[in-house]
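Read the structure below first, then the notes.
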Amino acid sequence: MTTIAAAESTTELLSRIAAREHLAPGEWLQVIEQAPTEDLQDIADRLRAELHPDNYVTYVVDRNINYTNVCFSVCNFCAFYRKPGHSEGYVLDYEEIYSKVEEMLEVGGSGILMQGGLHPDLPLDYYTGLLSELKKRYGIHLHCFSPTEIYGMAKTFGMTYETVLKELKAAGLDSLPGGGGEILVDEIRRKRRTECNSQEWLDVMEAAHGLGIPTTATMMIGYGETRPQRIEHLEKLYRLQQRTSGFIAFIPWTFQPDNTPIGRIIPTRLPGEEYLRWLALSRIYLHNIPNVQVSWLTVGLEDGRRGLHFGANDIGSTMIEENVISKAGANHKATENMLRSVILEEGFLPAKRKADYSRLPAPG
């Protein structure tokens with residue numbers, strides 16, 4: 001009798017979320033733990049079609065430029081950072097970055113995703129000068145600096161988040177990536193030694209939205225967090241989006257353990273089926289965020305293509321260059337033609353976009 005009652009209850013919850021009702025955290029947990037994958041997929045796919053009725057799936061050709069790997073945050077899930085003073089630490093000079101941008105433009109790129117470590121010694125004018133020069137030279141979209149980096153700049157320069165963001169926006173910053181979100185629950189963030197806590201991450205995002213800077217949001221799953229903690233993460237994003245409407249996209253991805261300190265404790269990757277269930281739930285939960293991107297870079301292109309039927313309307317980037325999760329074992333590769341082919345094969349129309357999700361004209 002208990003099993004039947006629970007099944008009926010889950011069916012009722014699925015009906016409520018299909019009608020766009022926002023559930024209580026415990027009810028969302030019941031859905032992800034008990035609902036058939038096919039039901040989650042169906043609701044997520046119908047919501048995607050409702051939000052994007054023209055049947056286009058977008059992608060971006062860009063380059064992830066990591067201007068420095070020096071970082072004073074010692075996250076035990078990261079294989080990229082080097083502590084200040086480490087012999088392998090680096091800072092790219094402007095000319096090196098210009099060269100990377102020009103290589104990106106030669107293959108049809110539309111902008112850059114620029115992120116780095118929390119460097120304790122770089123001055124503010126390194127960042128503002130770089131943005132100004134990139135905008136002046138190339139006129140490209142500048143999708144740069146995660147909330148964790150903005151937090152680090154504010155801490156280093158003794159400034160508020162708003163002041164840092166105003167300076168960066170005036171220099172040419174167009175949008176903010178959602179990196180450093182991981183799981184927005186301090187219990188797990190403290191265990192992973194993340195420098196920026198959950199409220200600080202959210203505060204940076206709210207400050208950006210208040211200044212008219214659009215942002216993406218992320219969630220990294222599979223690094224020791226619990227299902228209720230994943231739900232809490234989604235709830236915090238949902239609530240902020242209700243206030244600001246500043247998130248333009250949500251990107252869930254999976255923890256990559258290779259060469260990371262925590263990889264010795266959690267050596268295996270999240271199964272593709274579990275990722276797809278959470279992708280579908282994310283699309284349903286965050287119905288107030290217009291775009292959801294599938295992370296083919298971490299789950300592979302086959303699960304990436306399946307994700308287009310689990311609520312995702314974007315397949316992400318060709319990633320001409322990527323240095324963070326690739327060092328942790330995510331070595332999947334794809335060209336623009338491969339992504340376009342995947343989109344067509346799955347029954348959709350491909351459209352290249354910029355980081356703000358505005359579409360670019362189709363090639364003549």
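A few remarks follow.
- The listed residue being under 18 Å from G179 (Cβ atoms) and either part of a helix (DSSP H, G or I) or modelled with pLDDT of 95 or more (or both), out of L131, L122: L131
- Conditions (1) buried (at least 22 other Cβ atoms within 10 Å of the Cβ); (2) at pLDDT below 95: number failed by G263: (1)
- Verdict on E195 being in a helix (DSSP H, G or I) and either surrounded by fewer than 19 Cβ atoms within 10 Å (Cβ to Cβ) or outside the structural domain of H119 (by TED's automatic domain parsing) (or both): no
- Check on L211, surrounded by fewer than 24 Cβ atoms within 10 Å (Cβ to Cβ), out of contact with any Asp or Glu (no Cβ under 8 Å at 6 or more places or on another chain) and either of a type outside the set (G, A, S) or modelled with pLDDT of 95 or more (or both): no
- Odd one out for S110, checked against (1) more than 19 Å from G180 (Cβ to Cβ); (2) at pLDDT 90 or above: (2)
- Among the residues making up region 128-146, a single one is closer than 25 Å to C71 by Cα, in contact with a Ser or Thr (Cβ under 9 Å, 6 or more places away or on another chain) and in contact (Cβ under 8 Å) with a residue 60 or more places away in the chain: H143.
- Beta carbons closer than 6 Å, at least 6 apart along the sequence or on distinct chains, never pair a first residue in region 16-42 that is closer than 19 Å to E232 by Cα and in contact (Cβ under 8 Å) with a residue 60 or more places away in the chain with a second that is of a type in the set (V, I, T) and in a loop (DSSP other than H, G, I, E, B).
- Taken over region 134-161, the criterion of being of a type in the set (S, T, N, Q) and either surrounded by 18 or more Cβ atoms within 10 Å (Cβ to Cβ) or at pLDDT 95 or above (or both) is satisfied by S146, T148, T160.
- For beta carbons closer than 9 Å, sequence separation of 6+ or different chains, a first residue in region 88-101 that is in contact (Cβ under 8 Å) with a residue 40 or more places away in the chain and a second that is of a type outside the set (S, T, Y), the qualifying pairs are K100/R63; K100/I65; K100/L92; K100/I112; K100/I320; K100/E321.
- Sole exception among (1) surrounded by 20 or more Cβ atoms within 10 Å (Cβ to Cβ); (2) modelled with pLDDT under 95 for T58, by number: (2)
- Residue, modelled with the highest pLDDT, within region 318-364, restricted to residues that are among the β-branched types (V, I, T) and closer than 22 Å to Q115 by Cβ: T318
- Subset of region 161-177 (residues that are touching a residue at least 40 places away in the same chain (Cβ under 8 Å) and among the polar types (S, T, N, Q)): S175
- Any hit, region 231-253, residues being in contact with a Leu (Cβ under 8 Å, 6 or more places away or on another chain), surrounded by 21 or more Cβ atoms within 10 Å (Cβ to Cβ), modelled with pLDDT under 95 and not in a helix (DSSP H, G or I): yes
The values are calculated or read from the model by the stated rules, or taken from the named source; none is laboratory data. All figures in this text were calculated on a predicted structure; none of them were measured in a lab. When we count neighbours, we look across all protein chains shown, and the Cβ atoms used for this are built from the backbone with ideal geometry, even at glycine.
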